[in-house]
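Trainee: Below are the structure tokens for one structure; questions will follow.
The values are calculated or read from the model by the stated rules, or taken from the named source; none is laboratory data. This one's a predicted model, so the numbers in the text were calculated from it and none came from an experiment. Cβ: placed from backbone, ideal geometry, glycine included. Neighbour counts: every protein chain shown. Ligands, DNA and RNA are stripped out before the accessible areas are found, and what is left, the full protein with its side chains, is counted by its heavy atoms. Shrake-Rupley method; radii C 1.70, N 1.55, O 1.52, S 1.80 Å.
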Amino acid sequence: MAYGKPATVLLGSGNEISEEKLSKLPDSAADITLRHFTGTWRLDTARSETLYAYLKAMGVSDLAIEAAMKSEADGDTLHIIDVHGGQDAKFTITRRSRMSDKTMTFPLGIETTITQNSGRQHRTTVSLMRQGGARIVERTLIKDRHTFTVTRTLVGDPPNGMNCTQVLRTPTQAVVTRRWFNRADPVVPECD
């Protein structure tokens, strides 16, 4: 393994495992607002769990997993996030790494269909949750009939960190990967 510790793999029906069991909020979450998310975030590979189990459960080949792991270990992974509230609320995320650069924009609370280069379609809904503090939750249905569902919950970790819990549910397991990001730029003015 290139860095970090392994993710948690829970066996059994992935759909029967409760969200509360999978993503406990840190105590600092109550102080988070939208402005904490907007900015550039660098993956903290020393604290983060690897994507090995996540990619394996997705059916990614061993060679591609090895390349992804090496890429994260050898270069920065950045997430550039822009969140706008209000009537036209939207969430934009740019993921930059040695493997790829990709930008996606989602209206908050509205399902969006994304077509990959391969032609495969994903349905994604991004929502803002405020129980115990602001959380951005991205749910993606990757294959038809709920074969794979990914839930990513970003929880602010003030003043300069962010926790991201990725939950991949399959019919036989749930893979929980906890990742930490450090802010690479100052907090933007209040935008809630």
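Trainee: T125: accessible area at probe 1.4 Å, nearest 10 Å²?
Mentor: T125 exposes around 40 Å² with every protein chain in place.
Trainee: At 0.36 nm per residue, and after removing the present C-alpha to C-alpha distance, how many nm does the segment from T105 to R123 gain when stretched out fully?
Mentor: Computed gain between T105 and R123 is 5.2 nm.
Trainee: What does the highest-first list of 71-77, 175-181, 45-51 look like by mean Cβ count within 10 Å?
Mentor: Packing order, densest peptide first, comes out as 175-181, 45-51, 71-77.
Trainee: Oh, and also: Pull out a ≥ b ≥ c, the square roots of the eigenvalues of the alpha-carbon gyration tensor of segment 69-124, then state rounded if a/c is under 1.5, prolate if not and a/b is larger than b/c, and oblate in the remaining case.
Mentor: oblate
Trainee: Then there is this: Nothing charged except the Cβ atoms of Lys and Arg (+1) and of Asp and Glu (-1): what's the magnitude of the dipole of segment 35-76 about its Cα centre? Round to the nearest 20 debye.
Mentor: 220
Trainee: Using +1 on the beta carbon of Lys and Arg, -1 on that of Asp and Glu, and nothing else charged, what's the dipole of segment 39-120 about the Cα centre, debye to 20?
Mentor: 80
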